[in-house]
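A.B. asks: Just dropping this structure here.
Values quoted throughout were computed directly from the atomic coordinates according to the rules given, and no laboratory measurement underlies them. Every value quoted in this text rests on a predicted model; they were computed, and no experiment measured them. So basically every Cβ, Gly included, is an ideal-geometry build from the backbone, and we count neighbours across all protein chains shown.
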Amino acid sequence: MNTSAKRALIPLGIFLALAALLFYGLQLDPRKIPSPLVDKPAPEFSLPDLKDPNQTLTRDILIGQVSLVNVWASWCPSCRQEHAELMRIAREYGVRVIGFNWKDTRPEALAMLQRYGDPYTVSLYDPDNRAGIDWGVYGAPETFIVDAEGIIRHKRVGPIDAQVWAEEIQPIVEQYRKGKS
């Protein structure tokens, strides 16, 4: 094969390599991609409380007991889908659920809580994704399990329903409630 024929095959080779990478990427489930934050301290933040913009919330709210940090927004259909389950978890299991209102407007977020109830002990308000970037948030809903020392122990991408709670989230929450590392 002469040199010009070999050069003509280069774009074809590049195309085939890119097609193979794309095909491989389509097989990945983003819910199963591990977060680099797991087993590390939750990122520092300083955000206003959703309900009281004059109150600043920091990482200190995560210390003392196991928490679910739930990333949500009023515009997110999956967040509305999981909302009743979060209400049940907070009520029936006494789990501290901390809201992380993300890329939302305060009036719409407050209206959603008024309409569907409020499972959150407090809700951080991050309309411009200042803290979301540090947490590695790329969509809503996402839920982090944070132990009593402020260490992220698990990240769930997607809504929580009764099955996800029972099979995935609750066992981890109970493990860290009992103080096991």
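A.B. asks: How many of the residues in segment 106-156 are out of contact with any strand residue (DSSP E or B) (no Cβ under 6 Å at 6 or more places or on another chain) and farther than 21 Å from residue 170 by Cα?
C.D. replies: 21
A.B. asks: Hey, residue 138 hits all of (1) within 21 Å of residue 57 (Cα to Cα); (2) under 13 Å from the mean Cα position of the chain (by Cα); (3) not aliphatic (A, V, I, L, M) but one; which does it fall short on?
C.D. replies: Every condition holds for residue 138 apart from (1).
A.B. asks: From the list 174, 85, 142, which one is of a type in the set (Asp, Glu) and over 14 Å from residue 70 (Cα atoms)?
C.D. replies: Numbers: 85 fails: over 14 Å from residue 70 (Cα atoms); 142 fails: over 14 Å from residue 70 (Cα atoms).
None of the others qualify; the one that does is 174.
A.B. asks: Determine whether residue 155 is among the basic types (Lys, Arg) and buried (at least 16 other Cβ atoms within 10 Å of the Cβ).
C.D. replies: Numbers: among the basic types (Lys, Arg): yes; buried (at least 16 other Cβ atoms within 10 Å of the Cβ): yes.
Taking the combined requirement at face value, the residue satisfies it.
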